[in-house]
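Here the structure comes first, spelled out in structure tokens, and everything after it is commentary.
The values are calculated or read from the model by the stated rules, or taken from the named source; none is laboratory data. All values reported here derive from a predicted model rather than from experimental measurement. With ideal geometry, Cβ positions are generated from the backbone for all residues, glycine too; neighbour counts draw on all protein chains shown. Quick note on the areas: whole protein, heavy atoms, side chains included, nothing else; ligands and nucleic acids left out. Shrake-Rupley method; radii C 1.70, N 1.55, O 1.52, S 1.80 Å.
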2 protein chains.
Amino acid sequence: MKVYIEPIGKLINEFSKLPGVGAKTAQRFAYKVINMSEEEAKAFADAILNAKKNVKYCKTCGNFSENDECDICRLRQAETICVVKEPKDVIAIEKLNEYNGVYHVLHGTISPLDGIGPDDIDIKGLLARIAKGGVKEVIMATNPDVEGEATAMYITNLIKPLGIKVTRIAHGIPVGTDLEYADEVSLARAFVDRKTI
Amino acid sequence: MKVYIEPIGKLINEFSKLPGVGAKTAQRFAYKVINMSEEEAKAFADAILNAKKNVKYCKTCGNFSENDECDICRLRQAETICVVKEPKDVIAIEKLNEYNGVYHVLHGTISPLDGIGPDDIDIKGLLARIAKGGVKEVIMATNPDVEGEATAMYITNLIKPLGIKVTRIAHGIPVGTDLEYADEVSLARAFVDRKTI
């Protein structure tokens, strides 16, 4: 005899596809759903279908959008473009309420080991936007890992000759860390990139 | 401007209703759904609706069931009844492949502080099953906490006078624990309930 009846087994299986969710957690989630009211369960299922159906990508910048053009592209001046790897990076930066420019989402970074070359990410779209004119600065905000650095360098080499200011977000020790516990690479970068106060 | 577009915000909100899921985790789950194929998202939503719609409770024992009577009640002899608090306890015990009797799910434990009295849990159903005859042993497998112990005692006092053997699952130190790290109550119980080898 199987331990779970079919509808519960199936639901546990679906939940365990979520990142970081193992069998025990998936089981807890399934029990929670079974204890929901019918309206709650329907709202949950609808939210999943809706997110899948209504979340598209902005034709201009590649960010998540409900329409062809995202609100950021529609409402902001495109003088400064911040280049990121994924749409979720846009959300992380938007949460700061510090940046007022537009974005360009590459949907990946150059990674020869994984067979991802410059043509597999949206560099062409970025160059087309720059070619239209009006762009004064491009901020490279890819992740500070090997692929992110390589992608930032690659794009910098393409657009610097066009006379556009290209900047890279600062690396260094995170705010609030003890020097003692900071990793060596970040600490070394913090020394190299030190600035006059 | 809001950070999340509406369909993503709604989905994050739904995911954060799951037990132990905070804002960051809910966000990761939502990104995962957005990156699913349409079939995958549909299968996920269907599993939720299906579990809610098709999971009922067995009319005899109160366990999860797709039909009026669960497979366990239908296929096994009702000589031994194991009394548990919730349907998920049945699953935990079934996973052991050790127990061959039937179950009775109380759907709660007596807890005066929370206003849950003996009439709010399914003790009546258990008594009705015993009254039908044929039951030789009732195993009290409620949790080893105050409410679980009190409920076990209450039910024991009701059915012992009927001449039925009532047992309680053993408490003691968990297998694999060092005595040094075992909690004091469990260690004390392990001494009281020691047995001849």
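Overview of results
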item	result
For region A:140-188: span of alpha carbons on each principal axis (Å, largest first)	42, 19, 15
Under 20 Å from the B:Glu66 label point (7 Å along Cα→beta-carbon), backbone N, region A:1-20	A:1-16
Bins of 10 Å from zero: percent of alpha-carbon pairs in region B:87-146	18, 47, 30, 5
Average Cα contact separation per residue, chain B, under 8 Å, 6 or more apart, as relative contact order %	13
Projected label distance in nm at A:Asn13 and B:Ile169, using a 7 Å step from Cα toward the beta-carbon	2.8
Shape box of the protein assembly as shown [Cα atoms, principal axes, largest first, Å]	95, 48, 41
By accessible area with a 1.4 Å probe, ligands and nucleic acids excluded, highest first: order of A:Met153, A:Met140	A:Met153, A:Met140
Restraint check, A:Lys42/B:Lys24; A:Lys32/B:Lys165; A:Lys195/B:Lys2; A:Lys53/B:Lys2, Cα-Cα greater than 25 Å	A:Lys32/B:Lys165; A:Lys195/B:Lys2
Shortest-first distances to equivalent copies, position B:Ala131, nm, label 7 Å out along Cβ	8.6
Beta carbon of chain B nearest to the axis of the rotation taking B to A, residue and angstrom distance	B:Ala45, 2
Along each principal axis, Cα extent of region A:51-115, largest first, Å	38, 29, 20
Sequence-distant aspartates and glutamates (8 or more away, or on other chains) whose Cα lies within less than 12 Å of B:Lys10	A:Asp46
Candidates B:Val166, B:Val185, B:Val102, ranked by Gaussian network fluctuation over chain B, Cα under 10 Å, top entry	B:Val185
Distance cut-off 20 Å, percentage of C-alpha pairs in region B:97-197 lying past it	48
Within region B:124-167, backbone nitrogen closer than 12 Å to the virtual label 7 Å beyond the Cα of B:Gln77 toward Cβ	B:134-137
Chain B: most fluctuating residue of B:Val138, B:Val146, B:Val90 per GNM, C-alpha cutoff 10 Å	B:Val146
Other-copy label distances relative to A:Tyr154, 7 angstrom Cα-Cβ extension, nm	6.7
Mean ellipticity per residue at 222 nm, deg cm²/dmol - from DSSP H runs of n ≥ 4 across chain B, formula -39500 (n - 2.57)	-12500 deg cm²/dmol
Solvent-accessible surface (1.4 angstrom probe) belonging to B:Thr177, in square angstrom, nearest 10	50
P(r) histogram, all alpha-carbon pairs of region B:1-71 included - 5 Å bins from 0, percent	3, 15, 16, 18, 15, 11, 10, 8, 3, 1, 0
Heavy-atom accessible surface that A and B bury in contact, both chains counted, 1.4 Å, Å² to 100	4900
Nm distances between copies for B:Ser186, ranked from closest, using label points 7 Å along Cα→Cβ	3.7
With every protein chain in place, region A:71-197: carbon and sulfur % of accessible area (1.4 Å)	55
Hull shadow area, averaged, chain A [alpha-carbon convex hull, nm²]	17.3
Surface accessible to a 1.4 Å probe, per residue, for the residues of region B:98-197, Å²	66
Cα-projected label distance for B:Phe191 with A:Phe191, points at 7 Å along beta-carbon direction, nm	5.9
Paramagnetic reach from B:Ala43 (point 7 Å along Cα→Cβ, amide N under 13 Å) across region A:1-39	A:10-18
